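To start, the structure under review is shown below, and the notes come after it.
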Amino acid sequence: MKLKVALIAIIVSCIYACNDGDAKRIVPKSNGGALNDISVVVDNLLWEDQVGEVIRDTLAAPVEGLSIDEAQFKMRQMPPSVFTGFATKGRTILKIEKGKSAATKIASNVFAKPQTVVVISGETNAEIIEQISANAPKIIDAFKKEELKEKQRRIKKSLFNDKPLQEKLGVSLRFPSAYRIAKDDDSFFWLRRDIETGTVDFMVYETPLSAIRKDDSTVVDIVRLRDSVGKIYIEGPTPDSYMATEDKYTPFISKTIIDNKPAFETRGLWDVKNAFMSGPFINYAIEDKVNNRMLIVEGYVFAPSVAKRSYVFELEAIIKSLSIK
């Protein structure tokens, strides 16, 4: 009798599991691996032909706002025949399937968790190329979101106590305990992390809503604001030197969402007036109507002679963890 009851329980459990679909599907943990490193599953001949060229042009395009070109993603190509076992456990996978109807599909946790898999198919090379080109922004966004989540997960392992920012600015940010508060001036915070070749820094402050116009003058206002703040708070190594925007390089600006609020993302280069120092910055101007202000969170990197992509990516992950209390 007991055996019969146990068998019934197992059968019922199986029925519920099948009905729940993916909710009950068990997948292994994805590989740790380097950030922004994509597995590209594609036939060798396609990889060496135009299809591979378009993939490389799309995913290895330079990151905006850096002084030296650095690819947004690194790629590891493998033919479908070796895409088994451990190889399927990567966090980000691009799979090319020739001989099928033209389509671009984005799925989560297919072979492992967390994971983003993009499958692009087409009957011909031309159809595959068309799918990649037409869906490039969507593909890049899917991979980037996965990697930002992973970076934020790693940051959570050792967090700085952001209580001062909560108390004075009403904001919470998740960032590593390796940072320190270099300046705390009521409504202005400057935080820094020492690295082998320099520093990774970010600032948090507020300004009136009217300080940044939402028209063709937006980038002008953002540059003017960051330059005035740099002159007051971010002094250089010599008298009369301070951080400002590099005027020979036009910043990139785009609209985005931070903490469910409209924001402007600006990427460009900074330099120190009257001194030989420079590097990339990433600036977010967040419209906080509830508190009648623009909240500015900006990160920048000083790391001469080394790659800076990973540092800027860390700053982006920190800033996108922001929540306004």
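What is the calculated FRET efficiency for ALA134 to ASN44, with r their C-beta to C-beta distance and R₀ = 22 Å, to the nearest 0.05? About 0.35, to the nearest 0.05.
Rounded if a/c is under 1.5, else prolate if a/b is larger than b/c, else oblate: which is the stretch 170-279, with a ≥ b ≥ c the root eigenvalues of its Cα gyration tensor? Oblate, because a/c is 1.5 or more while a/b does not exceed b/c. Based on C-alpha pairs under 8 angstrom that are at least 6 apart in sequence, the stretch 23-155 has a relative contact order of 28 percent.
Simple rule: put +1 on each Lys or Arg Cβ and -1 on each Asp or Glu Cβ in the chain, find the dipole, and look at TYR249, ILE234, MET203; the Cα lying farthest toward the positive end is MET203. For LYS100, the residues 5 or more places off, or on other chains, whose built amide H falls under 5 Å of its own are GLY122, GLU123. Under a 5 Å amide H cut-off, with hydrogens placed 1.01 Å from N, PHE281 pairs with GLY268, LEU269, TRP270 among residues at least 5 apart or on other chains.
Largest GNM mean-square fluctuation among LEU269, LEU148, LEU191, using the chain with Cα springs under 10 Å: LEU191. Each of SER177, SER121, SER81 was scored by other Cβ atoms within 10 Å of its Cβ. Listed from fewest to most, they are SER81, SER177, SER121.
Put in line by how crowded their Cβ is, counting other Cβ atoms within 10 Å and starting with the fewest, GLU64, GLU123 read GLU123, GLU64. Considering the values (i) 199; (ii) 159; (iii) 216, which represents volume of the Cα convex hull per residue in Å³ as calculated for the structure under consideration? Read-out taken from this structure: (i). Helix 309-319: angle to the longest alpha-carbon principal axis of the chain, degrees 0 to 90, nearest 10? Result, in degrees: 90. With θ taken as phi - 60° and the Karplus curve 6.51 cos²θ - 1.76 cosθ + 1.60 applied, the whole-hertz 3J(HN,Hα) list for the stretch 110-127 is 6, 10, 7, 9, x, 6, 10, 10, 10, 10, 10, 10, x, 5, 10, 4, 4, 5 Hz, x standing for glycine and proline.
Every helix of 4 or more DSSP H residues in the chain counts as -39500 (n - 2.57), and over all residues that averages to -10000 deg cm²/dmol at 222 nm. Under a Gaussian network description of the chain, with springs only between Cα atoms under 10 Å, the residue in GLY198, GLY279, GLY299 that fluctuates furthest is GLY198.
Residue order for THR256, THR88, THR116, fewest other beta carbons within 10 angstrom first, comes to THR256, THR88, THR116.
Backbone phi angles across the stretch 157-172, fed through the Karplus curve with coefficients 6.51, -1.76 and 1.60 (θ = phi - 60°), yield HN-Hα couplings of 5, 8, 9, 6, 7, 8, 3, x, 5, 5, 6, 9, 10, x, 10, 10 Hz in residue order; Gly and Pro are listed as x.
Gain on full extension, evaluated as 0.36 nm per residue between GLU235 and ALA102 minus their Cα-Cα distance, stands at 42.3 nm.
Beta bridges assigned by DSSP with both partners in the stretch 23-155 are antiparallel in approximately 30 percent of cases.
With θ taken as phi - 60° and the Karplus curve 6.51 cos²θ - 1.76 cosθ + 1.60 applied, the whole-hertz 3J(HN,Hα) list for the stretch 51-68 is 4, x, 4, 5, 4, 5, 5, 7, 8, 9, 5, x, 6, 5, x, 9, 6, 10 Hz, x standing for glycine and proline. Between GLU167 and ARG154, residue separation times 0.36 nm minus the direct Cα-Cα distance comes to 2.1 nm. Annotation: amide H of ILE38 within the under-5 Å range of LYS74, MET75, ARG76, sequence separation 5 or more or interchain, hydrogens built in the peptide plane.
Every read-out reported here was derived from the displayed coordinates using simple, explicitly stated rules and does not represent laboratory data. Owing to the predicted nature of the structure, the values given are computational and were not obtained by experimental measurement. When we count neighbours, we look across all protein chains shown, and the Cβ atoms used for this are built from the backbone with ideal geometry, even at glycine.
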